[in-house]
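Structure record follows, encoded as structure tokens.
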Amino acid sequence: MRKRCSLVGMPGSGKSTVGRQLARRLDVPFIDLDQRLEEVLGSTIRQYFEEQGEEAFRDREAQLLAELTAAPGDMILSTGGGAVLREENRSHLLSGGGSVMYLRATPDEIFKRIRHDKTRPLLQVANPLQRLRDLYAVRDPLYRASSHYVIETGRPMVNTLVNMIVMQLEMEQ
């Protein structure tokens, strides 16, 4: 079975958590794009956003995503929530990211999960739930356009989501 999969979705949809478990289950490397970016940038994403701006961050994100999707071998890649905003990123994911899974969660579900998380730069606003709804309205069609499968993450436990993804990957063979 080919074991190359990319996860896309809103901030807080479970990409990193599910991705780590999936990589462990399939015994392949797990790469968290945001974590890798922080290593490359030498700062937190929030700090980089504040100092350099979102456009500079998206440039670096696109560069790293292109490198990772062009690299050979099996891997589970968890992307940042905004990675799909650029057409080039969506193209790289579909051509080199393996099976792309959209971990879909509603803004209300996400808000319940991450309302106390202060590390997410785009949610440091007066009304984070409204911000999530606005982001979702823009990004949901982009996630759908850049993925092969939509996995609903509303209620299932992480292990159940991993099982769903593994079954989807097995059916592709």
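Quick one: dipole size for the chain, taken about the Cα centre, charges +1 on Lys/Arg Cβ and -1 on Asp/Glu Cβ, in debye to the nearest 20. Can you show the working numbers first?
On the way: 24 positive and 23 negative charges, 119 e Å.
Value, rounded to 20: 580 debye.
How much of the accessible area of segment 79-173, in percent, comes from carbon and sulfur atoms when a 1.4 Å probe is used?
On the way: 2650 of 4910 Å².
Within segment 79-173, the accessible surface is 54 percent carbon and sulfur.
Quantify how much of the Cα-Cα distance distribution of the chain extends past 24 Å, in percent. It would help to have the intermediate numbers written out before the result.
On the way: 4671 of 14878 pairs.
I get 31 percent for the Cα pairs in the chain exceeding 24 Å.
Give the calculated FRET efficiency between Gln47 and Ala145 to the nearest 0.05, with a Förster radius of 35 Å applied to their Cβ-Cβ distance. List each step's numbers first, then the result.
Values: r = 31 Å, r/R0 = 0.88.
In this case the efficiency is close to 0.70.
Ranked highest first by the average count of other Cβ atoms within 10 Å around their residues, in what order do 73-82, 146-155, 4-13 fall? Display every interim value, and only then the final one.
Details: 73-82: 22.0, 146-155: 17.0, 4-13: 25.6.
Result, highest mean first: 4-13, 73-82, 146-155.
What nm distance separates the two modelled labels at Glu55 and Met157, each placed 7 Å from Cα along Cα→Cβ?
4.8 nm
Do the sum for the chain: with -39,500 (n - 2.57) for every DSSP H run of n ≥ 4, divided by all residues, what is the mean residue ellipticity at 222 nm, to the nearest 500 deg cm²/dmol?
Result for the chain, helices only: -17500 deg cm²/dmol.
How far, in nm, would the chain grow between Gln63 and Met167 when pulled straight, counting 0.36 nm per residue and subtracting the alpha carbon separation? Write down the numbers at each step before the final one.
Working: separation 104, 0.36 × 104 = 37.44 nm, distance 3.13 nm.
Gain on stretching Gln63 to Met167: 34.3 nm.
What are the semi-axes of the equivalent ellipsoid for segment 1-67, taken as the square roots of 5 times the Cα gyration tensor eigenvalues, largest first, in whole Å?
On the way: eigenvalues 125, 31, 22 Å².
They are 25, 12, 11 Å, listed from largest to smallest.
How much length is gained on full extension from Gln35 to Arg113, taking 0.36 nm per residue of separation minus their Cα-Cα distance?
Details: separation 78, 0.36 × 78 = 28.08 nm, distance 1.96 nm.
Taking Gln35 through Arg113 to full extension adds about 26.1 nm, to one decimal.
In Å², and per residue, what accessible area does segment 94-173 have when probed at 1.4 Å with the other protein chains present? Could the numbers behind the result be given before it?
On the way: 4410 Å² over 80 residues.
Solvent-accessible surface per residue comes out at 55 Å².
So, how do all the Cα-to-Cα distances of segment 91-173 break down into 10 Å bins, in percent, from 0 on up?
Answer for segment 91-173: a P(r) of 16, 40, 34, 10, 1 percent.
Once the dipole of the chain is set up with Lys and Arg at +1 and Asp and Glu at -1 on Cβ about the Cα centre, which of Gln124, Val84, Ala70 lies farthest towards its positive end?
The residue sitting farthest along the positive end of the dipole is Gln124.
The values are calculated or read from the model by the stated rules, or taken from the named source; none is laboratory data. Keep in mind the model is a prediction, meaning the values are calculated, not measured. Note: ideal-geometry Cβ built from the backbone for every residue, glycine included; neighbour counts use all protein chains shown. In case anyone asks, the SASA skips ligands and DNA or RNA and just uses the protein heavy atoms, side chains included. Shrake-Rupley method; radii C 1.70, N 1.55, O 1.52, S 1.80 Å.
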